[in-house]
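Taking it in order: structure first as structure tokens, then the write-up.
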Amino acid sequence: MVEIQGSGFEGPIPQSISVLTSLNELRISDLTGGPSEFPPLRNAADMTKLILRSCNIHGKIPDFVADMSKLRFLDLSFNKLGGGIENLERLKKLEGMYLTGNAFVRPIPEWLTSPENRNAIDLSYNKFDGSSEPSTCPLKARV
């Protein structure tokens, strides 16, 4: 496990983090500094908890995140992420997902709104359905 939360460190997250292939938990939050790319965690197949909260990460969620088959908790809140989140449906063991305060667009995927989905989910303050204003999503912190 690597935990760097509220440390006062400046980003970006170093690309060399990719050498930590046996990492099962990564918790980084509140990085100051300029925009950062999503860290290259393609080889972190055993990841169960990924928290990259308020790290100034921009772009889209890479497909390799959806390939983290053991992932139970995902928090990418308060970044500058955009695009869609459809590929996250492949995360079958997910118990909690927090994507608050980004710029995700497109309709909210059906699998998130189904009654069978009992996960804790917060998608508030994004731009789903292509609206230009951030809006609160009805899936806020559902358990």
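The values are calculated or read from the model by the stated rules, or taken from the named source; none is laboratory data. Because the structure is predicted, anything quoted here is derived from the model rather than measured. Because the Cβ atoms are built from the backbone with ideal geometry, glycine has one as well, and the counts that use them run over all protein chains shown. Only protein heavy atoms, including side chains, enter the accessible area calculation; ligands, DNA and RNA are left aside. Shrake-Rupley method; radii C 1.70, N 1.55, O 1.52, S 1.80 Å.
Descriptive notes on the structure:
- Selected residue (only one of 18, 29 is over 21 Å from residue 125 (Cβ atoms), open to solvent by less than 70 Å² (accessible area, probe 1.4 Å), free of Cβ contacts under 8 Å to residues at least 40 places away in the same chain and polar (S, T, N, Q)): 18
- Of all residues in the range 49-69 being of a type in the set (Gly, Ala, Ser) and within 14 Å of residue 36 (Cβ to Cβ), the one that is surrounded by the most Cβ atoms within 10 Å (Cβ to Cβ): 54
- Residues of the range 70-81 that are outside any strand (DSSP E or B), open to solvent by 30 Å² or more (accessible area, probe 1.4 Å) and closer than 18 Å to residue 24 by Cβ: 70, 72.
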